[in-house]
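Note sheet for the following structure.
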Amino acid sequence: MSATVQASETVLRPPPPARGWPRERVVGTALVALWALLGIGLALYLFNAWNPALFEKYAPLYLKGVGVTLTLVALSMVIGSVLSLPIAYARMSKNRVLNALSYGYVYFFRGTPLLAQTFLIYYGLGSFRPQLEAIGLWSFFREAWYCGVLAFSLNTAAYQAEILRGAIESVSKGQWEAAAALGLSKFQTMRKVILPQALIVALRPYGNEVILMIKGSAIVAIITVYDLMGETRRAYSRTFDFQTYLWAALIYLSMVETLRNGVEWIERRITRHLKR
């Protein structure tokens, strides 16, 4: 009996802890050290290459470009959110025609590059100048700014529609049944019961979409819109100083990090009741 107990204790006894660091920790530490060295090197480069005259000349233009970038993203997100509502409704509809049309829209704008979509609107529709002049739309499509806003709005509408659809479908059917038992109409159920829960689920994906839009907004510089990247390209073409692009990268990074922390703060605030 004692031999059996000793054998079972031997089997159940945990193995001794491994000596030294595991391979994953060594690799992780090495990567963190590499990133730290790169950051230190970048800081040293900017310190040694600092040009006060260059900064004084182009800093106001960079601030202007940041304003253009944020305006472009804000307008596109607002217009896209409005367009995403009927698209999401059609995606959830049992009507085959509506479902097929909305699916085709989402499939195209999510499956093709944003750069190609911008070129199609700015350069492609520009080739139809006589037809656009006939219907009074040439004044709109000849402006690169309006074409950029339109391309970004149509693109983000497809992504926001899928975000909204997924968030609504994530709410259990029991919520609909409970609201129906209380005598609420479908509109009241959607507005007071489903959407408040769905928007909590959709908050982080919406934040990710805004971040992607901020980073993707650099595309409009190619069609002569002087956003942050457009001003950066102009500064580099006049100075041939590589640090102009480093400034832009740091500004983009600061905008993205500010937005990411803001979304996390909002998420913590609106989900406090779920953690109690």
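In this structure, S237 and R142 have a Cβ-Cβ separation that, at R0 = 30 Å, corresponds to a calculated FRET efficiency of about 0.80. Applied to the range 252-263, the Karplus parametrisation 6.51 cos²θ - 1.76 cosθ + 1.60 on θ = phi - 60° returns per-residue 3J(HN,Hα) values of 4, 4, 5, 5, 5, 5, 4, 5, 4, 5, x, 5 Hz, with x for Gly and Pro.
With both labels modelled 7 Å from their Cα along Cα-to-Cβ, the N99 to L182 distance reads 3.0 nm.
This model, with +1 at the C-beta of Lys and Arg and -1 at the C-beta of Asp and Glu, gives the chain a dipole about its Cα centre of some 700 debye. Taking Lys and Arg as +1 and Asp and Glu as -1, the other residues whose beta-carbon sits under 11 Å from that of G67 total -1. Candidate values (1) 0.95; (2) 0.99; (3) 1.14 were compared with Rg/Rh (Cα atoms, Kirkwood Rh) computed on the shown model; the agreeing label is (3).
Each of the peptides 126-136, 61-71 was scored by the mean count of other Cβ atoms within 10 Å over its residues; in descending order, highest first, they stand as 61-71, 126-136.
Rounded to 0.05, the FRET efficiency of the R110 and F47 pair, given R0 = 25 Å and the Cβ-Cβ distance, is 0.05. Note on the range 116-238: Rg/Rh from Cα positions, Kirkwood definition for Rh, rounded to two decimals, is 1.19.
Computed extension gain for I270 through V27, at 0.36 nm per residue and net of the alpha carbon distance, reaches 83.8 nm. Projection of the Cα convex hull of the range 29-88, averaged over all directions and equal to a quarter of that hull's surface, yields 7.5 nm².
Partners of K186 within straight-line reach, counting lysines whose Cα lies under 29 Å from its Cα and excluding those fewer than 8 residues away in the same chain: K94, K173. Averaged over residues, the count of other Cβ atoms within 10 Å places the peptides 168-174, 115-121, 147-153 in the sequence 147-153, 115-121, 168-174, highest first. Computed over neighbours whose Cβ is under 15 Å from that of P196, the net charge equals +3, Lys and Arg +1, Asp and Glu -1. Think of each Lys and Arg Cβ as +1 and each Asp and Glu Cβ as -1; about the Cα centre, that makes the dipole of the range 143-276 roughly 620 debye. Put +1 on the Cβ of each Lys and Arg and -1 on the Cβ of each Asp and Glu in the range 156-276; which of V210, Q175, L259 then has its Cα farthest toward the positive end of the dipole? About the Cα centre, the residue reaching furthest to the positive side is Q175. For the chain, relative contact order (Cα pairs under 8 Å, six or more residues apart, normalised by length) works out to 23 percent. The label-point distance for F119 and M92, in a model that sets each label 7 Å from Cα toward Cβ, rounds to 3.7 nm. Between the alpha-carbon centres of the range 66-121 and the range 43-64 there is a gap of 38 Å. The translational diffusion coefficient of the range 129-173, from Stokes-Einstein at 25 °C and 0.890 mPa s with a Kirkwood hydrodynamic radius over alpha carbon pairs, comes to 191 µm²/s.
We did not get these values from a lab; they are worked out from the coordinates using the rules stated. This is a predicted model, so every value here is computed, not measured. We place every Cβ from the backbone using ideal geometry, glycine too, and count neighbours over all the protein chains shown.
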